[in-house]
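Student: One structure is given below, represented as structure tokens, and several questions about it will come after.
The values are calculated or read from the model by the stated rules, or taken from the named source; none is laboratory data. The shown structure was predicted, so the numbers you read here are calculated from the model rather than taken from an experiment. Here the Cβ positions follow ideal geometry from the backbone for every residue, glycine too, while neighbour counts run over all protein chains shown.
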């Protein structure tokens, strides 16, 4: 009986590229298509689609809540690598972990594709995101370290090039999926939009399996990992790199908002560019396409040019990248100021911000990834890669927790219908007093109205704002005009009414309520929401693509099935205004102030990083360096 041939466990003596690299690159391109495909549409799906996935329409998620959930998910994706790395290094090796968790990954995509077909859509969403986080996150450090494992001493000089090409494959897959999945979501709905990335993940798993005999399979080191981890070199490597990762984390706290707050901002911008009107989530495709250009540009032009005048080390590249990241958020903050004033700024503001963001990514993400591998002792390559990814998780937790903290609770969130009505005791928690809240519900249990003391005065202000809208060319009052309309009236507790122009399609009128303190759970008022029919002649390119999708969007067809107003209804009636009454539930940090806050956070981090980089002392580790050291030690012992 023939025994199966063993896998290679050490890099071959080569001066060129290892034979397994094409399979890793092909796998990474398909896997990144699957991940970025679902990630690209996740925020838009949660805000605009999740609430109508059931048999009856539910309640929309707020922008801040969707942003929090998005970053909680991304954080989990980058937290699970720590466990994947430990299991790989202790027990099974990188190859097996990549294969097994890829199957889990595919199941997660399947769960997302099934949302709305049975059971609660929110449950399917949660299960799918958890499975994807376990699968995608668990294989991340193993794949990165697996790339480095293919190289030995003779071809290690190619490592920077392959990490660049590794990143290039990531962004090729991301670019394709970022264009395709928003289009699928718009016209064919969530089942196709989440299902196609699942098919690509299955393909990625197959490609990786096909390369099994070409790879170097560095075996698990068992408990030796612990001894090296707690050795002097291991603790020094971890401690020094964690000092760098603290700043990399802040970089990711900003960078990953290109998939959340930037997408939500793009919904209020003029999306016409290059003769095409883009979908808000498609603008993210700029990042991967710019990466494909910037990687060779920086490697062969920018870095050599700067190096002639200012010697570039890895840490100096990272420092420059952190400062460039500040510029990207300053640009979106300026664009948001225009939105806050009721304008519709060109998407060119975000395009310029993406140029800065991508340049920062090349100098921070790619460089720190390569730097991390070289600074990791032999048996800790996966572990160090997982710590690098943990920095991404921590950065996303920073953003998630900030978005959590800025959300104000609402006392009516858990009020359930008892018949068609329900009462809440209000601030004093006593039913029958002036601050009572009365909620009404339809037969399906959905809230249809909310009444509170001072509702009549509030409605009179809203009517004046609506009259201004109708007579002013369908434009909401400016901040100054609205403040004049609202400020002359007080609520039953003597608080003046406030006005805030949120964007050209939303304005808020509210008061501090019975606790007389703004931005608490007892604030009460209404948001005016303008619905506008689409205008303008579609471009020739848009008309060409119209041949490949249904006449109406999936969202419009779904609205019709649920008895909700469709785009055709809105077009027939012209711009309309709806009132959404609320108690609590506001956001403390909104509009341009949100982006200015993160700009300042990044600037402070970049300045502090200069000090840490100055004090850092690098030390490189490679597999065959340590093997030579061990061999020399054995020869020396034998000679004695």
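Student: Could you list, in sequence order, the residues of segment 337-348 that are outside any helix (DSSP H, G or I) and in contact with a strand residue (DSSP E or B) (Cβ under 6 Å, 6 or more places away or on another chain)? Show your work before the answer.
Tutor: Pass one, segment 337-348, residues outside any helix (DSSP H, G or I): 341-347.
Across segment 337-348, the qualifying residues are 342, 344, 346, 347.
Student: If you don't mind, there's one more thing I want to ask. Search segment 487-507 for residues being out of contact with any strand residue (DSSP E or B) (no Cβ under 7 Å at 6 or more places or on another chain) and touching a residue at least 60 places away in the same chain (Cβ under 8 Å), and hand back the single one that is farthest from residue 476 (Cα to Cα).
Tutor: Only one residue tops the list, namely 503.
Student: Could you please let me know if residue 494 is surrounded by fewer than 19 Cβ atoms within 10 Å (Cβ to Cβ) and on the phi > 0 side of the Ramachandran plot? If you could, list the steps in order and put the result at the bottom.
Tutor: Working: surrounded by fewer than 19 Cβ atoms within 10 Å (Cβ to Cβ): yes; on the phi > 0 side of the Ramachandran plot: yes.
So residue 494 passes the test.
Student: Within segment 502-524, which residues are under 23 Å from residue 345 (Cβ atoms) and crowded, with 23+ Cβ neighbours inside 10 Å?
Tutor: Start the filter on segment 502-524 by keeping residues that are under 23 Å from residue 345 (Cβ atoms), which leaves 502-508.
The one that is under 23 Å from residue 345 (Cβ atoms) and crowded, with 23+ Cβ neighbours inside 10 Å: 507.
Student: Does any residue of segment 404-414 turn out to be part of a loop (DSSP other than H, G, I, E, B) and touching a helix residue (DSSP H, G or I) at 6+ places or on another chain (Cβ under 9 Å)?
Tutor: Yes: one or more hits.
Residue by residue, here is whether (1) surrounded by fewer than 23 Cβ atoms within 10 Å (Cβ to Cβ); (2) at pLDDT 95 or above; (3) on the phi > 0 side of the Ramachandran plot; (4) under 26 Å from the mean Cα position of the chain (by Cα) holds:
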| site | (1), (2), (3), (4) |
| --- | --- |
| 357 | no, yes, no, yes |
| 370 | yes, no, no, yes |
| 382 | no, no, no, yes |
| 402 | yes, yes, no, yes |
| 418 | yes, no, no, no |
| 422 | yes, no, no, no |
| 429 | yes, no, yes, no |
| 435 | yes, no, no, no |
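Student: Taking segment 415-450 as the region of interest, how many residues are closer than 20 Å to residue 492 by Cα, assigned to a strand (DSSP E or B) and either in contact with a helix residue (DSSP H, G or I) (Cβ under 7 Å, 6 or more places away or on another chain) or free of Cβ contacts under 8 Å to residues at least 24 places away in the same chain (or both)?
Tutor: So the count comes out to 3.
Student: Given the residues 116, 93, 84, which is the only one that is within 22 Å of residue 162 (Cβ to Cβ), touching a residue at least 12 places away in the same chain (Cβ under 8 Å) and surrounded by fewer than 24 Cβ atoms within 10 Å (Cβ to Cβ)?
Tutor: Numbers: 116 fails: within 22 Å of residue 162 (Cβ to Cβ); 84 fails: surrounded by fewer than 24 Cβ atoms within 10 Å (Cβ to Cβ).
Residue meeting the stated conditions: 93.
Student: Of all residues in segment 460-478, which are within 28 Å of residue 494 (Cβ to Cβ), out of contact with any helix residue (DSSP H, G or I) (no Cβ under 9 Å at 6 or more places or on another chain) and in contact (Cβ under 8 Å) with a residue 40 or more places away in the chain?
Tutor: First, the residues of segment 460-478 that are within 28 Å of residue 494 (Cβ to Cβ): 460-468, 476-478.
Narrowing the set further to residues that are out of contact with any helix residue (DSSP H, G or I) (no Cβ under 9 Å at 6 or more places or on another chain) leaves 460, 462-463, 466-467, 478.
Across segment 460-478, the qualifying residues are 462, 466, 478.
Student: Name the residue, out of 334, 351, 324, that is under 15 Å from residue 605 (Cα atoms) and part of a helix (DSSP H, G or I). Reasoning before the result, please.
Tutor: Values: 334 fails: under 15 Å from residue 605 (Cα atoms); 351 fails: under 15 Å from residue 605 (Cα atoms).
None of the other options fit; the residue is 324.
Student: If you don't mind, another one. Which number in (1) crowded, with 23+ Cβ neighbours inside 10 Å; (2) within 24 Å of residue 207 (Cα to Cα); (3) at pLDDT 85 or above marks the one condition that residue 131 misses?
Tutor: It fails just one condition, (1).
Student: Checking the condition part of a helix (DSSP H, G or I) and at pLDDT 75 or above, which residue from 159, 117, 125 passes? Full working, then the answer.
Tutor: Working: 159 fails: at pLDDT 75 or above; 117 fails: part of a helix (DSSP H, G or I).
None of the others qualify; the one that does is 125.
Student: If I filter segment 97-105 for residues that are under 24 Å from residue 387 (Cα atoms), part of a helix (DSSP H, G or I) and free of Cβ contacts under 8 Å to residues at least 12 places away in the same chain, do I get at least one hit?
Tutor: Checked segment 97-105: at least one residue is under 24 Å from residue 387 (Cα atoms), part of a helix (DSSP H, G or I) and free of Cβ contacts under 8 Å to residues at least 12 places away in the same chain.
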